[in-house]
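The values are calculated or read from the model by the stated rules, or taken from the named source; none is laboratory data. The model shown is predicted, which means the values in this text are computed figures rather than measured ones. Heads up, the Cβs are rebuilt from the backbone with ideal geometry, glycines too, and the neighbour counts pull from every protein chain shown. Calculation scope for accessible area: heavy atoms of the full protein, side chains included, ligands and nucleic acids excluded. Shrake-Rupley method; radii C 1.70, N 1.55, O 1.52, S 1.80 Å.
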Amino acid sequence: MDGINTSFLIPSPMEQIENELLGNKNITLFVKRDDLIHPWLSGNKYRKLKYNIAQAKDHNKKMVITFGGAFSNHLYATAGACSLYGLQSIGIIRGDIDSDNPTIKFCMARGMKLIPVSRSSFRLKHESKEIQDIVSTYYDPYVIPEGGTNSFALKGVEELIHEINQQFLLSPDYIILASGTGGTTAGLLTSDELRSKVISFSALKSDHLTEEILRLAGNKNNQLLTVISDYHFGGYGKWNNELLNFITEFEDSTDVLLDHVYNGKAMYGLYDMIRNDFFAKGSTLCYLHTGGLQGKSGLAYMKMKKGVK
C-alpha cells in the first residue's frame, strides 16, 4: 500500500454556491462534494461499493467480477477499490479493449483483468452462455452487477441522507442529482430520514427511469420523487458545445469540476430550472455531486480521436 491514499473524506464536504442568478431568484444552493471522497473511489461509486467490498471481505472472497463499458465509472472505481483492499478484480467489458483509453489504462494499472465480450452477449448478460462460461472459470468470485446497484449499494447510498441532514441541521427542500440506471436515486428514497424532495436528472434517453427507480426503492417515498429527462443532450455520453461551454463557465466560477456524462448535464438542467422559476423563492437546494470525474480524461481522449478541439 506504499504511496497509495487509503483515507476517505467522510462525511464529504458541503459547499455553498453563490452567484447573481441564485441571488436574484433567492435560491440557496449547496453542493455535497462526494467527488472529493477519494481519488479512485468517489461519488456514488464509493457509496455503492462500500458494503459490497465489505461483503466480499467478510465472506473471504478473493476476487470480484463485474461489468462495464469502455469508459465505465463503475469499472474504474471497482478496480480502484479492489486494489485498495487486496482483492483480485475481473472486468467483463462490452466490445473491444482499447489500451489507449484512459479508463482502460487505469483499470489495468490497478490490476484488473479485462475480458471483452460481444455487445450482444453483454446486453443479455444474465442469459449469455459466453458470460456464464467466463464467470464459471473462476473459483468462488463475488459478482457485482453492472453499475454496482444491488441491496448493498442501496444501503451505502441511504447513509447519505443522514449525512446531509446532519450537515443542514434541517433537511434541505430538495436533493438533486444525476442518474444513469437510477440506483443512487433509489438508495436515497429508501432512507427513513428522507424529508426532502428528490429531483433526478436522467443522463439517458429513457421513458422508464421513474418506474425503475421506484422498483429498486420498493416504492418507498415515491411521492418525493421527480425525474427530469429533458437534459440528456442526445443520450448517454453525448454532448454538444453548449453543454461543454456551460461546464467550463461553471468550473471557472466555482472550482467545482463536472463531467460531461452525468453531473454537467444535471447541473445545466438545474440552472435552467432555476432560471425558469421551477423552485419557490427561499428554497434550499442540495446538489449531490456523484463523482465520475475520470470521464473528463475520457472526453479529452474521444475528442482527440475525432480531431475535435
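Estimated at 0.36 nm per residue, the fully extended path between Asp192 and His126 surpasses their Cα-Cα distance by 20.5 nm.
For the peptides 219-227, 287-295, 83-91, the ranking by packing is 287-295, 83-91, 219-227, with the highest mean count of neighbouring Cβ atoms within 10 Å listed first. Once C-alpha pairs closer than 8 Å and six or more residues apart are averaged by separation and normalised to the residue number of the chain, the relative contact order reads 21 percent.
Helix-derived [θ] at 222 nm for the chain: sum -39500 (n - 2.57) over DSSP H runs of at least 4, divide by residue count, nearest 500?
-12500 deg cm²/dmol
Checking the Cα-Cα distances for Lys205/Lys238; Lys238/Lys306; Lys105/Lys305; Lys125/Lys238; Lys61/Lys113 against a 20 Å cut-off, the pairs over it are Lys125/Lys238.
At 0.36 nm per residue, and after removing the present C-alpha to C-alpha distance, how many nm does the segment from Asn60 to Asn219 gain when stretched out fully? Walk me through the numbers on the way to the answer.
Numbers: separation 159, 0.36 × 159 = 57.24 nm, distance 3.36 nm.
53.9 nm is the gain from fully extending Asn60 to Asn219.
Quick check: Cα centre of the stretch 144-181 to Cα centre of the stretch 31-105, how many Å? That distance is 18 Å. Take every DSSP beta bridge whose two residues both sit in the stretch 7-146; close to 25 percent of them are antiparallel.
Carbon and sulfur: what percent of the stretch 15-63's accessible surface (1.4 Å probe)?
Numbers: 910 of 2170 Å².
Carbon and sulfur: 42 percent of the exposed surface of the stretch 15-63.
Once the Kirkwood radius over Cα pairs is known for the stretch 1-148, the Stokes-Einstein relation at 20 °C and 1.002 mPa s delivers a diffusion coefficient of 128 µm²/s.
Across q = 0.21, 0.23 Å⁻¹, the stretch 177-309 modelled as identical point scatterers on its alpha-carbon atoms has Debye log10 I(q)/I(0) values of -1.31, -1.46, in the order of the q list. Which is farthest toward the positive dipole end of the chain among Met112, Ser202, Tyr271, measuring Cα position about the Cα centre, with Cβ charges +1 (Lys, Arg) and -1 (Asp, Glu)? Result: Met112, furthest along the dipole toward the positive end.
Quick one: net charge of Leu257's neighbours, Cβ under 15 Å, K/R +1, D/E -1? Walk me through the numbers before you get to the answer.
Working: positive: Lys32, Arg33, Lys265, Lys296; negative: Glu15, Asp34, Asp35, Glu249, Glu251, Asp252, Asp255, Asp259.
Summing Lys/Arg as +1 and Asp/Glu as -1 gives -4.
Across the accessible surface of the stretch 92-221, with the other protein chains kept in place and a 1.4 Å probe, carbon and sulfur atoms take up 51 percent.
Comparing Cα centroids, the stretch 108-133 and the stretch 229-259 end up 31 angstrom apart.
With K and R counted +1 and D and E -1, the other residues having a Cβ less than 13 Å from that of Ala203 yield a net charge of +1.
With semi-axes √(5λ) of the Cα gyration tensor in Å as the read-out, I listed (1) 30, 27, 18; (2) 31, 22, 19; (3) 64, 18, 13; which label goes with the value calculated from this structure? Computed from these coordinates, semi-axes √(5λ) of the Cα gyration tensor in Å corresponds to label (2). Calculated accessible area for the chain comes out at 46 Å² per residue, all protein chains present (probe 1.4 Å; ligands, DNA, RNA ignored).
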